Amino acid sequence: MKLNFWLLDIDQEEVEGKMAIRLWGIDEDNNRILIYDENFRPYFYLMAKDALPDLAKEVKSKKEELKIASISKEERKYYGRKVKVIKLIFNDQKSLLKCLEQLSKHEGVESLEGDLRPSFKYMVEKAVLPCNWHEVEVKEIERHNKEAV
């Protein structure tokens, strides 16, 4: 079903090693609502000054150990110029932070966007603006927690 709502706040929550973006809002009938989006995964980019293929091989060899969900090579703009980067996607923010700490210690390797909150990246990617009306496709779920939202 489609739902129109006014966005009040956004954050992320991790439950059992899986992250969900939470959108807090008010619907057209002035009811408080909470929308969960479990499809967004935290990520960051790695850029190597010299040997990107060597860095990619090293990261792939440590994929299980670092709890990386997926790895891809991309081209991004960095200060106006195109650069090749490695995009690392995770299932949770805790794994991202641990991996970021380990890989950013390497000389000649720079991490990009690792310091941005997942909720902020979500807003940018999905063009979600705070204090605005949004229309989303939702499926109502039964709440197990009966706390007031």
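Bear in mind that the values in this text are calculations on the coordinates, not laboratory data. Because the structure is a prediction, the values reported are computed rather than measured. No Cβ is skipped: glycine too gets one built from the backbone with ideal geometry, and neighbour counts run over all protein chains shown.
Points to keep in mind about this one:
- Listed residue (Gln102, Ala56, Val83) projecting farthest to the positive dipole end of segment 47-117, Cβ model: Val83
- Listed by chain and number, the aspartates and glutamates whose alpha-carbon sits under 16 Å from that of Lys139, ignoring those within fewer than 8 places in the same chain, are Asp27, Asp37, Glu38.
- FRET E, pair Arg117, Glu140, Förster distance 25 Å, beta-carbon r, rounded to 0.05: 0.40
- Approximating the spin labels as points 7 Å out from Cα along Cα→Cβ, the Lys98-to-Asn132 distance works out to 3.7 nm.
- With 28 Å as the limit on Cα-Cα distance, the pairs of Lys67/Lys126; Lys49/Lys126; Lys84/Lys105; Lys57/Lys98 that go past it are Lys49/Lys126.
- For the chain, the mean residue ellipticity at 222 nm estimated from helices alone is -6000 deg cm²/dmol, where every DSSP H run of n ≥ 4 contributes -39500 (n - 2.57) and the total is divided by all residues, rounded to the nearest 500.
- (1) 10.6; (2) 7.6; (3) 9.4, with the label sought being that of the calculated mean projected area of the Cα convex hull in nm²: (1)
- GNM remark for the chain: springs join alpha carbons under 10 Å apart, and the peak mean-square fluctuation among Phe90, Phe40, Phe120 falls on Phe120.
- Normalised by the number of residues in the chain, the mean separation of alpha-carbon contacts (under 8 Å, six or more apart) gives a relative contact order of 31 percent.
- Formal net charge of residues neighbouring Asp115 (Cβ-Cβ distance under 13 Å; K, R +1; D, E -1): -1
- The length gained by stretching the chain between Glu14 and Glu64 to full extension, at 0.36 nm per residue less their Cα-Cα distance, is 16.0 nm.
- Near Lys62, once Lys and Arg are set to +1 and Asp and Glu to -1 for all other residues with Cβ below 14 Å from its Cβ, the sum equals +1.
- Aspartates and glutamates with Cα under 19 Å of Lys73, excluding same-chain neighbours fewer than 8 positions away: Asp50, Asp54, Glu58, Glu64, Glu110, Glu113, Glu125
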